[in-house]
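Chemist: Before we start, here is the structure in question, set down as structure tokens.
Since every read-out is calculated from the coordinates, none of them should be taken as a lab result. Since the structure is predicted, the reported quantities are computational estimates derived from the model, not experimental observations. Note that each Cβ is placed from the backbone with ideal geometry, even for glycine, and that neighbours are counted across all protein chains shown.
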Amino acid sequence: MKTFLRRLASLTWGLLLYSLGIALTLNAQIGYAPWDTFHVGLANTLQISIGTSSIGVGLVIMTITIVLKEKVGLGSIMNMFAIGLFLDVILLVLPRATSLVSGILMLVAGLLVISFATYFYIASGFGAGPRDSLMVALTRKSGLPIGLCRVVIEGLALFCGWRLGGMVGLGTILSALLAGVFVQFTFQLLRFDATGVQHETLLDTFYYLKELRSPRRN
């Protein structure tokens with residue numbers, strides 16, 4: 001049980017850090033990452049909060065991945081709701097950049113925070129988030145390289161977000177160039193092999209908790 005609680009704490013901490021990282025990149029005000037461009041554009045169009053937009057998009061994507069028979073874990077569910085909720089709260093108190101230099105620094109800090117968040121999130125072993133699950137599902141169904149599927153998905157999200165009024169700029173380019181580099185740097189720094197993590201499904205977690213609650217037989 002202690003191991004499960006430690007994993008759950010790692011997942012929650014990772015999602016909180018991820019929300020902080022996203023908030024930093026948004027308030028840098030020099031251009032958003034592809035998915036954030038879509039979330040902000042949709043939020044502005046529907047007059048809802050960015051967090052609510054993120055949750056709604058995540059719910060739609062989660063439904064699609066389930067239809068495509070991709071496995072869903074506790075981390076997938078918490079990712080969908082927690083990041084949106086945390087993000088709205090953080091954006092209420094986090095200041096915005098007031099110059100290009102401070103914007104770049106804030107964006108880089110946000111990407112670095114996201115890379116550490118990714119470590120805690122993946123290390124918990126509770127499954128991938130909705131957007132990553134969609135990428136995996138499309139790769140499996142189409143037979144195309146996972147990198148190409150990611151480019152197509154994020155390119156579509158970026159285009160739709162831009163058409164809806166999401167900010168595209170220098171930050172968008174920096175996010176595309178640096179996000180992967182920072183994640184790789186963080187994983188190497190922490191000597192973490194993401195491919196060695198065995199993720200459990202929501203059903204696995206349910207059976208585990210059910211077994212813990214069941215009275216032990218002599």
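Chemist: So what's the gap between the Cα centers of the range 65-87 and the range 17-34, to the nearest angstrom?
Modeler: 20
Chemist: Semi-axes of the equivalent ellipsoid of the chain: what are they in whole Å, largest first, if each equals the square root of 5 times a C-alpha gyration tensor eigenvalue?
Modeler: Those come to 30, 20, 17 Å.
Chemist: Taking 0.36 nm per residue of separation and subtracting the Cα-Cα distance, what length does fully extending Q188 through N44 add?
Modeler: Full extension from Q188 to N44 adds 48.0 nm.
Chemist: A further question follows. With each label point set 7 Å from Cα along the Cα-Cβ vector, what nm distance links L202 and M1?
Modeler: Rounded to a tenth, the inter-label distance reads 2.5 nm.
Chemist: Can you work out the FRET efficiency for the pair F159 and T12, with r the C-beta to C-beta distance and R0 = 35 Å, to the nearest 0.05?
Modeler: Details: r = 33 Å, r/R0 = 0.94.
For F159 and T12, the calculated efficiency is 0.60.
Chemist: While we're looking at this one, here's another question. Less than 24 Å apart at the alpha-carbon level, and either on another chain or at least 8 residues along: which lysines does that give for K71?
Modeler: Candidates past the 8-residue exclusion: K141, K210.
Chemist: Taking only Cα atoms, what is the 0 to 90° angle, nearest 10, from helix 202-213's long axis to the longest principal axis of the chain?
Modeler: It works out to around 50 degrees.
Chemist: Okay, next question. What do you get for the angle between helix 100-123 and the principal long axis of the chain? Use alpha-carbon atoms, 0 to 90 degrees, nearest ten.
Modeler: 10
Chemist: Kindly express, to the nearest 10 degrees and within the range 0 to 90, the angle between helix 170-189's C-alpha long axis and the longest C-alpha principal axis of the chain.
Modeler: 40
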